[in-house]
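Contents: one structure, followed by commentary.
The values are calculated or read from the model by the stated rules, or taken from the named source; none is laboratory data. Model, not experiment: these values are computed from the prediction. For neighbour counting, all protein chains shown are included, and Cβ atoms are generated from backbone atoms with ideal geometry for every residue, glycine included. For accessibility, only protein heavy atoms count, side chains too; no ligands or nucleic acids. Shrake-Rupley method; radii C 1.70, N 1.55, O 1.52, S 1.80 Å.
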Amino acid sequence: MDRFRMIFQYFQSNSESVMNGICGLLALASVKIYTCFDFSCPCLPRYNMAYGLGIMFVPPVALFLCSLILNRQSLVMLEEWRRPQGRRKKDLAVIRYLCSSIMQRAMVAPVVWIIVSLLDGKCLICAFSGSVDPENFVGFANASPVQVQQLLAKVPCKDDELMRNNTSRKAVSRYLRCWSQALGWSILLILIVAAFLARWLRPCFNQATLLQARHWSNYIDIEQKIFEETCCEHSRLFAHKCILHFFESMRQEIKLHSFSLPREGEGAEGEDDLLQGITGQDQVNKLLKMWYYEKPPL
Amino acid sequence: MDKFRMIFQFLQSNQESFMNGICGIMALASAQMYSAFDFNCPCLPRYNQAYGLGILLVPPFILFLLGFVLNNNISMLAEEWRRPQGQRGKDQAVLRYMFCSMAQRAMIAPAVWVSVTLLDGKCITCAFCTSVPVETLGNASHPSLSQGDMKRVLARIPCKEIYDGQELIANEVAIRYLRCISQALGWCFVLLMTTLAFLVRSLRPCFTQAAFLKSRYWSHYIDIERKLFDETCAEHARSFAKVCIQQFFEGMSTDLAAARCH
């Protein structure tokens, strides 16, 4: 019982912190993947926008799904949602609470990716270099529209032969990066203010319902963990009994078939129950063969 | 028995995390192997595609097989599959569950290799450099070459030092184009894999939860039973050896005592 109590306490205290830990690790992984990723804008008129916006939005979706997969509570929530009612009523408030807590944690890594890519600026420069107004930049004002599009598309590529020493390229690049960083910081500010308000104003609304929902969602989680632990314990005891029964039945079979008693008398008394009366090479071989060819029924 | 109970408790509760740990290590090893691998595109018309696609597809297959080999439970699955029926019935659902869980874990390292390869871009650049659309990306003013010559020139795109088709199509333009396509494919592949994993994990509680609980219990049971049987046999062998040796020493001492009397 003592062991069970220790296990309860462990799961109780650590369920939230394990999930927060996974959330933090994914956020760090998202920054690391962004820095390791070799961003190379195609610098072609139609491809730029697809590439730039793709890099900004597709990895966040993958990170979001990854967070949902790695979070154990999402399975708990789905099971609770889909189970047949049976004798236990279903409380939608608990399911909603679980859903919102899962979503909040899952949104952290994608938001981190989007903010890092905006603050870095490469994605937006690549996507929108073709959309700036060429009239504002000296180097692009006097070219034909088609040529302007080609030139603007090459702005993100610093090493391109046409763009190497072009000062207007730097101007466009700085302009877009400024917009990108402003957008990034604004989004960060809005999110932090929203999180602050949500946490601060929460006790003003439905605190009692919230406490209940949190308690029961915790309960469901722990109940499932303990059920799995008990099943493991049960299968271990079941296997133990099954094997002892098998050894016992082998001993009886050997006693029936051989007339000489096993030589247990001279061995140490404490070893008797371990030897189970199987004390000859052919007896052991027979036991092992029977174990493979005819496993005992469950 | 208390010591055994503690050991089995540890193994049982940690078996899943142990398997997940091996899975994670193999994924990291696969990324590390790719970065350590020295990719050398042959830059010859027919060899490029074979080399590029070979590097993209053959190591994942090897990693997949390695994932199965490193998994301890593969022998357990094989044994359960091939044993004679005897007095204990065989449950196909349990075999399917064991195989599926092993296959899912074994798929992770190959998926990481393919993603890293596509996101890096070298393989696709090497394999498909002869298929670059020269009409749209190249210089229109260049005189046209024969098919064979064109392919020979384009095949050298990944090898910047020997590339001689700068007038036909700029090297950087072609490489950027191919890399963009490769990275788009890579991210789509990552998205597809995570979506599949998410669907597999989330649809299960909706449909087959009871059957799943049953299969999971019995596959754990088979595993524990095998471990307990091995432990019991080891204990039996120890006791058997002890009894044999004690009898031998007693026999020797009686012989020596008899010899001394004479």
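If you take the residues of the stretch B:151-171 that are touching a helix residue (DSSP H, G or I) at 6+ places or on another chain (Cβ under 7 Å) and closer than 10 Å to B:Thr130 by Cα, which of them is most open to solvent (accessible area, probe 1.4 Å)? Please lay out each step first, then the result.
In the first step, residues of the stretch B:151-171 are kept if they are touching a helix residue (DSSP H, G or I) at 6+ places or on another chain (Cβ under 7 Å); the result is B:151-152, B:154-158, B:160, B:163-165, B:168-169, B:171.
After this cut, where a residue has to be closer than 10 Å to B:Thr130 by Cα as well, the list is B:151-152, B:154-157.
Values: B:Lys151: 88, B:Arg152: 119, B:Leu154: 5, B:Ala155: 0, B:Arg156: 71, B:Ile157: 0 Å².
Among them, the one singled out is B:Arg152.
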Exercise. Is there a residue in the stretch B:136-144 that is within 14 Å of another protein chain (Cβ to nearest Cβ), open to solvent by less than 60 Å² (accessible area, probe 1.4 Å) and either free of Cβ contacts under 8 Å to residues at least 24 places away in the same chain or more than 30 Å from A:Leu70 (Cα to Cα) (or both)?
Worked result: yes
Exercise. Which ones in the stretch B:89-145 are in contact with an Asp or Glu (Cβ under 8 Å, 6 or more places away or on another chain) and over 27 Å from B:Ile181 (Cα atoms)?
Worked result: B:Lys90, B:Val94, B:Leu95, B:Met98
Problem set entry | Residue within the stretch A:21-40 that is in a helix (DSSP H, G or I), at the interface with chain B (Cβ under 7 Å from one of its Cβ atoms), open to solvent by 30 Å² or more (accessible area, probe 1.4 Å) and without any contact (Cβ under 8 Å) to a residue 12 or more places away in the chain present | no
For this session: Would you mind telling me which numbered condition in (1) among the hydrophobic types (A, V, I, L, M, F, W, C); (2) touching a Pro at 6+ places or on another chain (Cβ under 9 Å); (3) part of a loop (DSSP other than H, G, I, E, B) A:Ile114 fails?
Result: (3)
Seminar exercise, completed: Among residues of the stretch A:211-248 being of a type in the set (D, E, K, R) and without any contact (Cβ under 8 Å) to a residue 40 or more places away in the chain, the residue most open to solvent (accessible area, probe 1.4 Å) is A:Lys241
Exercise. Within the stretch B:172-215, how many residues turn out to be open to solvent by less than 40 Å² (accessible area, probe 1.4 Å) and more than 7 Å from chain A (Cβ to nearest Cβ)?
Worked result: 9
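Any residue at all in the stretch B:102-112 that's β-branched (Val, Ile, Thr), within 14 Å of another protein chain (Cβ to nearest Cβ) and within 30 Å of B:Trp218 (Cβ to Cβ)?
If we filter the stretch B:102-112 for residues that are β-branched (Val, Ile, Thr), which is where we start, we get B:108, B:112.
Adding the requirement that they be within 14 Å of another protein chain (Cβ to nearest Cβ) leaves B:108, B:112.
From what is left, the residues that are within 30 Å of B:Trp218 (Cβ to Cβ) are B:108.
Yes, because at least one residue in the stretch B:102-112 is β-branched (Val, Ile, Thr), within 14 Å of another protein chain (Cβ to nearest Cβ) and within 30 Å of B:Trp218 (Cβ to Cβ).
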Exercise. Applying the selection to the stretch A:150-171, what residues are over 42 Å from the mean Cα position of the chain (by Cα) and basic (Lys, Arg)?
Worked result: A:Arg164
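Report whether or not A:Arg72 is within 11 Å of chain B (Cβ to nearest Cβ), among the basic types (Lys, Arg) and over 20 Å from A:Ala194 (Cβ atoms).
Yes.
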Seminar exercise, completed: Among residues of the stretch B:216-243 being facing another protein chain (nearest Cβ under 9 Å), without any contact (Cβ under 8 Å) to a residue 24 or more places away in the chain and open to solvent by 30 Å² or more (accessible area, probe 1.4 Å), the residue farthest from A:Trp291 (Cα to Cα) is B:Lys242
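Specify which of the listed residues (A:Val94, A:Val111) is open to solvent by 20 Å² or more (accessible area, probe 1.4 Å) and in the same structural domain as A:Gln181 (by the TED database). Write out each step before concluding.
On the way: A:Val94 fails: open to solvent by 20 Å² or more (accessible area, probe 1.4 Å).
Result: A:Val111 is the single residue among A:Val94, A:Val111 that is open to solvent by 20 Å² or more (accessible area, probe 1.4 Å) and in the same structural domain as A:Gln181 (by the TED database).
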Exercise. Which residue pairs have Cβ atoms closer than 6 Å, lie 6 or more positions apart in sequence or on different chains, and pair a first residue in the stretch B:19-35 that is within 19 Å of B:Thr117 (Cβ to Cβ) with a second residue that is assigned to a helix (DSSP H, G or I) and small (Gly, Ala, Ser)?
Worked result: B:Met26/B:Ala109; B:Ala27/B:Ala109; B:Ser30/B:Ala109
